[in-house]
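Accompanying notes for the structure given below.
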Amino acid sequence: MIQDAAGKQDDKPLPEILRERLPRSLFTHRVYHVPVLGSTNSRAKELAKRGEAEGTLVIAEKQTEGRGRLGRQWHSPAGVNLLFSVLFRPPLSIDRVFSLTMLVAASLVDAIHAMSGLNALIKWPNDIYCRGKKMAGVLTEFSTEGRAIEYVVVGTGLNVNWDLCDQPELQHSATSLINELGYPVSRVALLSCFLELLEKNYRLILMGKDAFVRDQWNRFSMVIGRDVLIDPEGEKKKATVTGIDRNGALLIEEEGGRASSLVCGDVQVLFPSLPGNRG
Ligand code: BTN
């Protein structure tokens, strides 16, 4: 359990600190740390359009227009959580774009475990849960050139040292590392650990060895083998999740045995695992 500098004023993930920890990292050569920003994803996309290189990292202490999937907002107080976006320019075709969501989610769960011992889980496609409550969300946005990917921005909001006990509207559905552990965690150490794992896993994907990342995702998944409701806010179809493919699509077996896959959308787990249970 690493607690260095946790909760202190100087626990800011500043470019020079990240570079000192990870001097040769793909993700520390171009780091923007901004006190207040509309959205790190929007800033990273602007930078991408201006030709910024792969690996660019945009971090904000606070966002005024933090976005989630499906038009949702992402709320976070200033200076306690991790709000950041990573710019990728993978030489992959467009159907592989969500493998980067898978990459970020698996690397996040791995980093959370390495830093805290907590067994967080991935709820397809982009949520990280811990003991039944959401701890982080991942937002993937991209631009294409024909069938090729021009850039992908993957944004992460991770609740680290935000005490949600005084947030009546959120405390039953959201959690943070400090709420699960009872003590603060260094944002610098956690982000560094994540970036290290992210680079290792990204290089595997680029080498075509993406099965490792997929296996990791499956191991950390809270939906594999479970009954789920597809499109819980709309049509509501019941299915059993059988896996995930190399593009990040969810493989399901519908009632009646028909096998199909889900590229986007939402699922609701019908019989969630016990709190803290990984499998
Ligand atoms: C979700 O749960 O739907 C995804 C939430 C993603 C939030 C992060 S915070 C950093 C980055 N910038 C944004 O505007 N959104 C993502």
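Within the stretch 44-58, the set of residues being out of contact with any Lys or Arg (no Cβ under 9 Å at 6 or more places or on another chain) and on the phi < 0 side of the Ramachandran plot comprises Ala44, Lys45, Glu46, Lys49, Arg50. Here is the figure for the stretch 62-78: residues that are in contact (Cβ under 8 Å) with a residue 24 or more places away in the chain, open to solvent by 50 Å² or more (accessible area, probe 1.4 Å) and assigned to a strand (DSSP E or B) total 2. Among the residues of the stretch 79-101, just one is aromatic (Phe, Trp, Tyr) and either surrounded by fewer than 20 Cβ atoms within 10 Å (Cβ to Cβ) or part of a loop (DSSP other than H, G, I, E, B) (or both), namely Phe98. Contact map, the stretch 151-170: first residue charged (D, E, K, R), second residue open to solvent by 20 Å² or more (accessible area, probe 1.4 Å), Cβ cut-off under 7 Å, separation 6 or more or different chains; pairs are Asp163/Ile178; Asp163/Asn179.
In this structure, Ser143 does not qualify as part of a loop (DSSP other than H, G, I, E, B) and among the polar types (S, T, N, Q). Within the bounds of the stretch 102-125, is there any residue that is open to solvent by 50 Å² or more (accessible area, probe 1.4 Å), in a helix (DSSP H, G or I) and more than 23 Å from Ile244 (Cβ to Cβ)? No, that holds for no residue.
Taking the criterion of being of a type in the set (A, V, I, L, M, F, W, C) and more than 9 Å from the ligand (Cβ to nearest atom), the residues of the stretch 129-157 that qualify are Cys130, Met135, Phe142, Ala148, Ile149, Val152.
Could you tell me whether Ala136 is under 15 Å from Val109 (Cβ atoms) and in contact with a Leu (Cβ under 8 Å, 6 or more places away or on another chain)?
yes
Within the stretch 106-123, residues that are closer than 16 Å to Ala174 by Cβ reach partners that are open to solvent by 20 Å² or more (accessible area, probe 1.4 Å) and of a type in the set (A, V, I, L, M, F, W, C) with beta carbons closer than 6 Å, at six or more positions or on different chains, in the pairs Leu121/Met222; Lys123/Met222. Put simply, of Ile205, Ile252, Ile178 the only residue that is open to solvent by less than 10 Å² (accessible area, probe 1.4 Å) and touching a Pro at 6+ places or on another chain (Cβ under 9 Å) is Ile205.
The listed residues are Val58, Val36, and the only one of them that is over 14 Å from Glu199 (Cα atoms), within 16 Å of the ligand (Cβ to nearest atom) and either over 20 Å from the mean Cα position of the chain (by Cα) or at pLDDT below 95 (or both) turns out to be Val36. Of all the criteria given as (1) within 11 Å of the ligand (Cβ to nearest atom); (2) surrounded by 24 or more Cβ atoms within 10 Å (Cβ to Cβ); (3) not acidic (Asp, Glu), the one not satisfied by Val160 is (1).
Of all residues being assigned to a loop (DSSP other than H, G, I, E, B) and more than 10 Å from the ligand (Cβ to nearest atom) in the stretch 39-55, which is most open to solvent (accessible area, probe 1.4 Å)? Just the residue, please.
Step one: filter the stretch 39-55 for residues assigned to a loop (DSSP other than H, G, I, E, B), giving 39, 50-55.
The next check asks that each one be more than 10 Å from the ligand (Cβ to nearest atom); those that pass are 50-55.
Details: Arg50: 175, Gly51: 56, Glu52: 23, Ala53: 49, Glu54: 42, Gly55: 0 Å².
Across the stretch 39-55, the extreme among qualifying residues is Arg50.
The values are calculated or read from the model by the stated rules, or taken from the named source; none is laboratory data. The structure presented is a predicted model; accordingly, all values stated were derived computationally and were not measured. Here Cβ is always computed from backbone atoms with ideal geometry, including for glycine, and neighbour counts include all displayed protein chains. For the accessible areas, the whole protein counts, side chains as well, though only heavy atoms, and no ligand, DNA or RNA atoms are used. Shrake-Rupley method; radii C 1.70, N 1.55, O 1.52, S 1.80 Å.
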